[in-house]
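The values are calculated or read from the model by the stated rules, or taken from the named source; none is laboratory data. Not measured: the values here are computed from a predicted model. Glycine gets a Cβ as well: all are built from the backbone with ideal geometry, and neighbour counts include every protein chain shown.
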Amino acid sequence: MNHPHAQHAQIEPSLIPQEGWHCTHIYYSIDRARLAALDQEATVRGREEFSIVLDPRGDEATLQLQTFVVSGHKADFGLMMLDVDPLKVDGIHQRLMSSSLGPCLQPTYSFVSMTEVSEYVPTVEQYAQQLVADGDEVGSATYEAKVKAYMAREPAMRKQRLTPDLPAWPAMCFYPMNKKRETGENWFREPKVHRRRMMSEHAKSGMQFAGRVTQLISVGIGLDDWEWGVTLWSKNPEFLKDIVYRMRFDEASARYAEFGPFYTGYILSAGEILDHCRV
C-alpha cells in the first residue's frame with residue numbers, strides 16, 4: 001500500500017535518495033520468559049500496539065511494509081520496510097521496541113540497503129545490440145517484435161526495481177550475498193562486457209520462473225556487511241528451492257557468488273503473527 005509523499009514533508013532533504021528507496025529487513029525472536037511475566041492487561045495492550053505499529057495502512061507506516069512469520073530457530077517473525085525516509089523506516093522498529101511487547105522482543109538480524117536499477121539491466125539500445133549478437137537480424141519481424149516488447153516493459157521494470165510494490169504471494173525468503181574478490185576470481189576485476197554476459201545468463205534462468213517467483217535485489221554496499229540483499233516471493237515454497245538451485249549453475253553464481261544466511265518466511269498480518277506465535 002503506497003502512501004502520499006505529503007507525509008514526508010519534514011524529511012531532511014539530504015536523506016532522500018536521488019532515486020529509489022531505503023530498505024530494511026529486520027527479524028525478531030520472542031523472549032518467552034519475559035512474555036510469561038506480563039500480566040493480561042499488558043499483553044492485551046501489547047497486542048493492540050503491535051497491530052497498530054505494523055499496520056501497512058497506518059498513518060505512520062512506511063511506503064511499503066510487509067510482515068511475516070519465520071520458519072526455523074533464527075527468528076519468530078520479520079519485517080520488510082521501504083521508504084524515501086530512512087528515519088521513518090527505523091521508526092517502525094523503534095515504535096515496536098518501545099511498545100508494551102517491546103521487552104519481550106529480541107532483534108536477531110537486520111539488513112540495511114537501498115533499491116537500485118542494476119547496471120546489468122540493459123537499455124533498449126543495449127537489448128537490441130544483444131539481440132543482434134545472439135543472431136537476430138536487424139529489421140526482421142522477430143527483431144522488431146522483441147525490441148518493441150522490451151521497449152514497452154522497460155519503464156515498468158525499472159520502476160518496480162526502484163519503488164517496488166511488494167507481492168502478496170504467501171512464501172518468501174531473504175538472503176544477503178557478495179561477489180568474490182579473490183585472486184583469479186575477482187568479480188570487480190572482470191571486464192564489464194563479461195560481467196554483463198554472465199548476468200544476462202543469470203537473468204534468463206530466473207525468467208523460467210516467471211509467474212511463480214518474483215524478486216527484489218537491494219544494494220547494501222556501504223550500508224551493511226553484505227553487498228546485496230535478495231528477497232524472493234513465490235506462490236509455493238517449493239519454487240524458492242527450485243529457482244535457487246537452478247540459478248546456482250550459472251557462472252555468475254557458481255563461480256563468483258558468496259551467500260549469507262537464508263531466512264524463510266510466510267506472509268501474515270500482525271494479528272496473525274501474534275496468533276501463530278501464541279502471544
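Observations on the structure shown:
- Test: Ser200 is touching a Leu at 6+ places or on another chain (Cβ under 6 Å), surrounded by 15 or more Cβ atoms within 10 Å (Cβ to Cβ) and not assigned by TED's automatic domain parsing to the domain that holds Phe68: no
- Of the residues in the stretch 118-128, at least one is within 21 Å of Gly220 (Cβ to Cβ), of a type in the set (Gly, Ala, Ser) and either touching a strand residue (DSSP E or B) at 6+ places or on another chain (Cβ under 9 Å) or surrounded by 17 or more Cβ atoms within 10 Å (Cβ to Cβ) (or both).
- Qualifying residues in the stretch 106-140 (those that are hydroxyl-bearing (Ser, Thr, Tyr) and in a loop (DSSP other than H, G, I, E, B)) - the one nearest to Lys192 (Cα to Cα): Tyr120
- Remark: Pro155 falls outside the filter, which requires a residue to be under 22 Å from Gly211 (Cα atoms) and either part of a loop (DSSP other than H, G, I, E, B) or among the hydroxyl-bearing types (Ser, Thr, Tyr) (or both).
- Taking residues in the stretch 141-156 that are farther than 14 Å from Gln129 by Cα, and partners anywhere that are in a helix (DSSP H, G or I) and among the β-branched types (Val, Ile, Thr), the pairs with Cβ atoms closer than 9 Å and at least 6 places apart or on different chains are Glu154/Val124.
- The criterion of at least 1 residues that are free of Cβ contacts under 8 Å to residues at least 24 places away in the same chain is met, among strands (runs of 3 or more DSSP E) falling completely within the stretch 168-264, by 213-219.
- Check on Ala210, loosely packed, with under 14 Cβ neighbours inside 10 Å, within 20 Å of His22 (Cα to Cα), at pLDDT below 95 and of a type in the set (A, V, I, L, M, F, W, C): no
- Members of the stretch 33-44 that are under 20 Å from Gln106 (Cβ atoms) and out of contact with any Cys (no Cβ under 8 Å at 6 or more places or on another chain): Ala33, Ala36, Ala37, Ala42, Thr43
- Filtered residue count, the stretch 106-117, keeping only those that are of a type outside the set (A, V, I, L, M) and buried (at least 16 other Cβ atoms within 10 Å of the Cβ): 6
- Residues of the stretch 183-217 satisfying the condition of being of a type in the set (Gly, Ala, Ser) and touching an Asp or Glu at 6+ places or on another chain (Cβ under 7 Å): Ser205
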